[in-house]
Amino acid sequence: MRTTIGKWFDGFAVGASALCLIHCLALPLLIAALPAIASRFDPGEGFHLGVLLFAIPTSAFALIEGWRRHRGVAPLFVGSAGLALLALGLAFENWVAVETGVTVAGSVLLAGAHIVNWRRRVTA
C-alpha cells in the first residue's frame, strides 16, 4: 500500500514540477508579448509561496518513501537541493531573471529527483 501511494506521490510531484517549469518559462514570454494585460496574469509571490508550501510535504513524503524502499540517498539530496532553490527563488522577487533562473533550476532538480526515485522504486 505504501509503495503504491509513494509511486502516486512521485508521479504527482513530477507533474507538479513540470507545471511549475511551464509556468516559470511561459509567464515571462506571455508578459513580454502582452504588456498591456500582463499584470492580470501574474499570480504574484503568494502563488509561488503556496506552490512551495504544497511541494515541500508532497516531495518529502514521496522521496522518503522511495528511500525506505530503495535506500538510495541521491534522490533525497537532489530533491532537497531543488526545494531549497525553489525557496531561494522567493528571495529574488524583485529580480525577475534571477528568480526565474533559480526557480527553474530548482524545479528541474526536483523533477529529476522524483524521476530517479520513481525508477529506483521499480527496480528495488
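The values are calculated or read from the model by the stated rules, or taken from the named source; none is laboratory data. These numbers were taken from a predicted model, which means no experiment stands behind them. No Cβ is skipped: glycine too gets one built from the backbone with ideal geometry, and neighbour counts run over all protein chains shown.
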Here is a list of conditions, (1) assigned to a helix (DSSP H, G or I); (2) out of contact with any helix residue (DSSP H, G or I) (no Cβ under 6 Å at 6 or more places or on another chain); (3) modelled with pLDDT under 80, and Ala36 meets all of them except one; can you say which number that is?
(1)
From (1) part of a loop (DSSP other than H, G, I, E, B); (2) in contact with a Phe, Trp or Tyr (Cβ under 6 Å, 6 or more places away or on another chain), pick out the condition that doesn't hold for Leu76.
(1)
Would you confirm whether or not segment 3-10 contains a residue that is touching a Lys or Arg at 6+ places or on another chain (Cβ under 9 Å), part of a helix (DSSP H, G or I), modelled with pLDDT under 90 and surrounded by fewer than 15 Cβ atoms within 10 Å (Cβ to Cβ)?
yes
Pair list, Cβ < 7 Å and 6+ apart or interchain, from segment 96-107 residues that are over 14 Å from Ala26 (Cβ atoms) to residues that are aliphatic (A, V, I, L, M) and surrounded by fewer than 18 Cβ atoms within 10 Å (Cβ to Cβ)
Val102/Leu88
Kindly evaluate Leu88 against the criterion of being at pLDDT 90 or above, within 22 Å of Glu65 (Cβ to Cβ) and either surrounded by 16 or more Cβ atoms within 10 Å (Cβ to Cβ) or more than 11 Å from the chain's Cα centre (by Cα) (or both).
no
Out of Ala91, Ala111, report the one residue that is among the aliphatic types (A, V, I, L, M), in contact (Cβ under 8 Å) with a residue 12 or more places away in the chain and out of contact with any Cys (no Cβ under 7 Å at 6 or more places or on another chain).
Ala111
Can you say whether Leu52 is under 15 Å from His114 (Cα atoms) and assigned to a helix (DSSP H, G or I), as far as the supplied structure shows?
no
